[in-house]
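Chemist: My questions all concern the structure below.
The values are calculated or read from the model by the stated rules, or taken from the named source; none is laboratory data. Quick caveat, the model's predicted, so the values are computed rather than measured. Glycine also receives a Cβ, built like all others from the backbone with ideal geometry; neighbour counts cover every protein chain displayed. For the accessible areas, the whole protein counts, side chains as well, though only heavy atoms, and no ligand, DNA or RNA atoms are used. Shrake-Rupley method; radii C 1.70, N 1.55, O 1.52, S 1.80 Å.
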Amino acid sequence: MSHILAYDFMRNAALAGTGIALAAGLAGYFVVLRNQVFTSDALGHVAFTSGLGALVGGVQLLAGVFGGTIAVGLGGRARGRDVAVGTVFAWVLGCGVLFLSLYSRGRSAAGGTAGVSLLFGSILGLRPAQAVTAAAAGVVISALLLLIARPLLFLSVDPDVAAARGVPATALSFGFLVLLGATVAEAVQAVGALLILGLLVMPAATAQRLTARPYLGLALSGVLAVLFVWAGLVLAFYLPYPASFLITTLAFAIYLVSRWGWLW
């Protein structure tokens, strides 16, 4: 492992990946618990479109991704309108294709690279400043999630009783969705907009199958996400396959093992 970290690009990837994975694992636990998987998937589409829209408008890509996912995340509270929401987000993804086409005109190589990075991740291509920013953002998001974990768990498991006990349900739900949007924006760098569910949902789903204790499950989800990213990066160093593919494949494989009971 030490010889792998001798390379700058691997150190940057490990630093950013740790912060991103920890935030994704913690946020993902609540996503699964609150049945908001569809919202997470939709935010991945928004990240692709808002990032390319920012480039077309001359704005920094990550600023567009953060702004778009957080803004749309605030609208994710509505339930029972999956068809309407699904059609809107399908159109949003189409807008992303338009923005990619506009951005690619006159700069085809750069435009194509930007689109591929947003769709499939570019964790091995992060610069030192980007890696530090991603890691710091992941730590801040994780700390905020842990800060609201107790009331959010209560609200997620029994919303009626939580509201009766004085838990600020609306504010807490909005706060979580803001953090979820920020998490998606960060995780896009690791696994891309199309594979975002792999890092958000599979560690959490595995953790929930391994334990029914919420705090242990929350911790296990974060640890699993970090381990999947680390293992995926090591494999990507030796194998000619994308890191995002390897990360999500490992997460899926371990989920299948936990589901089919092969651990016992």
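Chemist: Given charges of +1 on the Cβ of Lys and Arg and -1 on the Cβ of Asp and Glu, with all other atoms neutral, how large is the dipole of the stretch 4-263 about its Cα centre, in debye to the nearest 20?
Modeler: My answer is approximately 100 debye.
Chemist: What ranking do 245-252, 95-102 get when scored by the average of other Cβ atoms within 10 Å per residue, highest first?
Modeler: Details: 245-252: 21.1, 95-102: 17.4.
So the peptides 245-252, 95-102, ranked by packing, come out 245-252, 95-102.
Chemist: Could you please state how large a percent of the accessible area of the stretch 4-263 is carbon and sulfur, counting protein chains only and using a 1.4 Å probe?
Modeler: Of all accessible area on the stretch 4-263, carbon and sulfur atoms account for 70 percent.
Chemist: I need to check one value: relative contact order of the stretch 4-263, counting alpha carbon pairs closer than 8 Å and at least 6 residues apart, in percent. Don't skip to the end; give the middle numbers.
Modeler: Details: 403 pairs, mean separation 88.2, N = 260.
Over the stretch 4-263, the number comes to 34 percent.
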